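See structure below.
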2 protein chains.
Amino acid sequence: MSNTSVQSVDRAIAILEILAREGATRVTDLAVQLDVHKSTAFRLLAALEQGGLVEQSGDRGRYRLGFGVVRLAGAATAQLDLSKESRPVCLRLAEAVGETVNIAVPQDGDAVNISQVRGPAAISGHNWVGQRTPSHATSSGKVLLAFGALRLPAEPARYTPSTLTEAGRLRLAEIRERGWATTVEELEVGLNAVAAPIRGSDGSVVAAVSVSGPSYRLTPERLPEVGALLAEGAREISQRIGYYR
Amino acid sequence: MSNTSVQSVDRAIAILEILAREGATRVTDLAVQLDVHKSTAFRLLAALEQGGLVEQSGDRGRYRLGFGVVRLAGAATAQLDLSKESRPVCLRLAEAVGETVNIAVPQDGDAVNISQVRGPAAISGHNWVGQRTPSHATSSGKVLLAFGALRLPAEPARYTPSTLTEAGRLRLAEIRERGWATTVEELEVGLNAVAAPIRGSDGSVVAAVSVSGPSYRLTPERLPEVGALLAEGAREISQRIGYYR
DNA sequence: CGGACGTGTTGCTCATAGCGCAACAGACTA
DNA sequence: TAGTCTGTTGCGCTATGAGCAACACGTCCG
């Protein structure tokens with residue numbers, strides 16, 4: 001991070017910092033503090049205003065931080081907390097089960113994996129981080145569907161002969177009651193998975209923690225035992241990010 | 001707000017929005033979504049990273065929103081909240097005391113008034129909004145000095161024969177213990193005032209609420225009773241903006 | 001294990017976007 | 001009403017931002 005920057009963006013950020021420190025400020029005062037011409041300050045403010053990061057305060061000509069930064073912070077806080085707080089639990093689960101553990105969040109109708117801990121037995125395996133996965137064909141997706149964090153697509157795609165493409169066969173009520181969901185070769189042949197719901201501070205399901213591995217190791221017989229472990233881990237992560245039941 | 005913008009700032013803000021929506025994202029994915037070259041996306045990210053608004057997530061090459069946006073939002077929330085949340089309390093105090101109520105925040109060594117409610121007895125009086133007032137000669141300023149939100153100037157100016165220009169005579173420790181500060185004709189002949197501290201969510205004093213009026217109405221004998229009312233009002237405002245003791 | 005592939009990062013060059021100047025419009029005050 | 005101050009806009013110039021291409025590094029697969 002040497003000189004790889006963009007001067008106008010640096011200046012825009014400096015404006016945000018000044019407004020954070022000083023509160024509502026005039027264009028010309030900002031220009032003085034930035035050591036730029038007032039028309040430059042004005043145009044940077046206009047760009048920031050268009051993006052919602054600043055707004056004009058009640059007094060004419062005064063600008064202050066806008067609600068856009070509060071929105072961004074809300075997203076940042078959610079993302080920072082979940083990855084960080086789930087890490088120790090995922091490490092433990094990966095060790096206990098011996099397979100790969102992922103955290104997935106709902107996004108645009110899919111389950112998106114945001115972090116991963118490889119199991120000790122994983123020689124190579126798939127890197128799921130950042131990958132979108134279909135809700136109906138993954139255990140995380142099924143959890144998010146069952147607890148209302150995601151909606152089932154109108155026409156669920158088929159990935160393997162085992163993929164369930166009808167809503168009734170997903171057994172979402174049973175997942176809700178049991179507290180964990182499974183997939184048995186529904187996304188990829190030879191891949192099984194279990195997932196459990198993570199709740200946020202308002203009690204709604206905001207993510208899922210899952211274990212996935214090859215069918216020959218993560219057999220259908222193992223799934224209930226692993227499901228119970230995952231549900232316990234999910235409860236702990238939920239509490240770590242502010243859920244009190 | 002027509003075309004008065006700055007393209008690179010627009011792009012930087014678009015990056016922040018994408019990261020808020022998608023979470024940790026790759027440089028090349030951002031470049032695709034922005035329809036710019038990846039080196040452009042990279043440099044915009046580098047600028048945002050230098051400003052603390054984004055950071056690299058644990059996975060190499062992925063960027064996410066950083067703690068800087070949380071800091072900015074904290075400042076934005078405090079500023080938006082203070083004027084709004086203090087309003088009902090100020091209205092009530094002005095009615096109860098019969099004099100003019102102001103909110104002042106610390107800024108560049110002065111106490112700056114950010115809002116005002118006129119008392120029922122105020123025929124004309126001074127409009128203090130937006131006005132900087134010297135810390136040592138106003139009740140709000142003395143509160144902000146006493147609780148560490150402002151520093152006393154090296155050579156405090158004299159405004160009236162009653163102005164206290166020596167640090168020892170301000171009795172800041174007594175103000176801290178008592179919970180309110182007074183001025184008796186120290187800024188203007190014929191003007192008295194009382195102020196109490198407003199605390200933010202981290203417990204530090206971020207503002208002061210004051211009552212001011214003519215000496216013949218707001219007499220020194222009335223000041224303790226008004227001080228207690230103000231301290232109560234300040235406590236309520238503090239709680240409204242997130243202070244929990 | 002080595003090669004292929006993909007992605008982040010850096011250096012260079014060019015042209016256009018950003019910047020500063022100057023003028024205009026509006027608000028306020030003596 | 002004239003002067004002053006500040007926000008906003010138009011114009012022209014050049015420095016900065018953008019894109020190309022190469023390099024460095026990590027991952028994956030045969």
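The values are calculated or read from the model by the stated rules, or taken from the named source; none is laboratory data. Remember, predicted model here, so these are calculated numbers, not experimental data. Cβ placement follows ideal geometry from the backbone for every residue including glycine, while neighbour counts extend to all protein chains displayed. These accessible areas exclude ligands, DNA and RNA; they are computed on the full protein's heavy atoms, side chains included. Shrake-Rupley method; radii C 1.70, N 1.55, O 1.52, S 1.80 Å.
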Helix A:67-97 axis, angle to chain A major axis (alpha carbon atoms, nearest 10°)
30 degrees
Residue A:189 to residue B:10: FRET efficiency via 1/(1 + (r/R0)^6), r the Cβ-Cβ distance, R0 60 Å, to the nearest 0.05?
0.85
Around residue A:164, which amide H atoms from residues at least 5 apart in sequence, or from another chain, sit under 5 Å from its own amide H, with H modelled in the peptide plane?
none
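Mean separation of Cα pairs under 8 Å and 6+ residues apart, divided by the residue count of segment B:127-245: what relative contact order is that in percent?
Values: 214 pairs, mean separation 28.5, N = 119.
Value for segment B:127-245: 24 percent.
Using only Cα atoms, what is the ratio of the radius of gyration of the protein assembly as shown to 2.2 N^0.38 Å?
Values: Rg = 28.8 Å, N = 490, 2.2 N^0.38 = 23.2 Å.
Compactness ratio reported: 1.24.
If you take each beta carbon of peptide B:109-120 and count the beta carbons of other chains within 10 angstrom, what is the mean? Write out the running numbers ahead of the final one.
On the way: counts 0, 0, 0, 3, 0, 4, 1, 0, 0, 0, 0, 0.
Average per residue, whole number: 1.
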Counting only C-alpha contacts under 8 Å and six or more residues apart, can you give the relative contact order of segment A:1-78 as a whole percent?
27 percent
Compute the distance in nm between two label points, each set 7 Å from the Cα along the Cα-to-Cβ direction, one at residue A:154 and one at residue B:165.
8.0 nm
What residues have an amide H closer than 5 Å to that of residue B:207, excluding those fewer than 5 places away on the same chain, when H is modeled at 1.01 Å from N in the peptide plane?
B:198
Percent relative contact order of chain B, based on C-alpha pairs within less than 8 angstrom and at least six residues apart?
14 percent
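For segment A:89-245, what percent of Cα pairs sit more than 22 Å apart?
Numbers: 3885 of 12246 pairs.
Of all Cα-Cα pairs in segment A:89-245, 32 percent lie more than 22 Å apart.
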What are the label-to-label distances in nm, one decimal and shortest first, from residue B:98 to the same spot in the other copies, with labels 7 Å along Cα to Cβ?
8.5
Per-residue ³J(HN,Hα) for segment A:149-164, Karplus 6.51 cos²θ - 1.76 cosθ + 1.60, θ = phi - 60°, Hz, x for Gly and Pro:
7, 9, 10, 5, x, 4, 10, x, 6, 9, 10, 9, x, 8, 4, 8
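Ignore the peptide's own chain and count Cβ atoms of other chains within 10 Å of each Cβ in A:41-52; give me the average, rounded. Write down the numbers at each step before the final one.
On the way: counts 0, 1, 5, 3, 3, 7, 11, 6, 3, 7, 8, 2.
For peptide A:41-52, the averaged partner shielding equals 5.
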Taking θ as phi - 60°, what are the ³J(HN,Hα) couplings along segment A:134-145 by the Karplus curve (6.51, -1.76, 1.60), each to the nearest whole Hz, with x for Gly and Pro?
x, 5, 6, 10, 10, 5, 4, x, 5, 4, 5, 5
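Please average, across the residues of A:11-22, the number of beta carbons from any other chain that are within 10 Å of each residue's own beta carbon, and give a whole number.
Values: counts 4, 10, 10, 1, 1, 8, 6, 0, 4, 9, 3, 6.
That average works out to 5.
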How large is the direction-averaged shadow of the alpha-carbon convex hull of segment B:7-65, in nm²?
3.4 nm²
Using the Karplus equation 6.51 cos²θ - 1.76 cosθ + 1.60 (θ = phi - 60°), what ³J(HN,Hα) coupling, rounded to whole Hz, does each residue of segment B:207-224 give in order, writing x for Gly and Pro?
6, 9, 10, 9, 10, 9, x, x, 4, 6, 9, 8, 6, x, 5, 7, 4, x
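May I ask you to order A:170-177, A:50-57 by the average number of other C-beta atoms within 10 Å around their residues, highest value first? Walk me through the numbers before you get to the answer.
Details: A:170-177: 15.1, A:50-57: 20.1.
Averaged packing, sorted descending, gives the order A:50-57, A:170-177.
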Using a Förster radius of 22 Å, what is the FRET efficiency between residue A:87 and residue A:131 based on their Cβ-Cβ separation? Nearest 0.05, please.
0.70
With all protein chains present, calculate the accessible area of residue B:43 using a 1.4 Å probe and round the result to the nearest 10 Å².
110 Å²
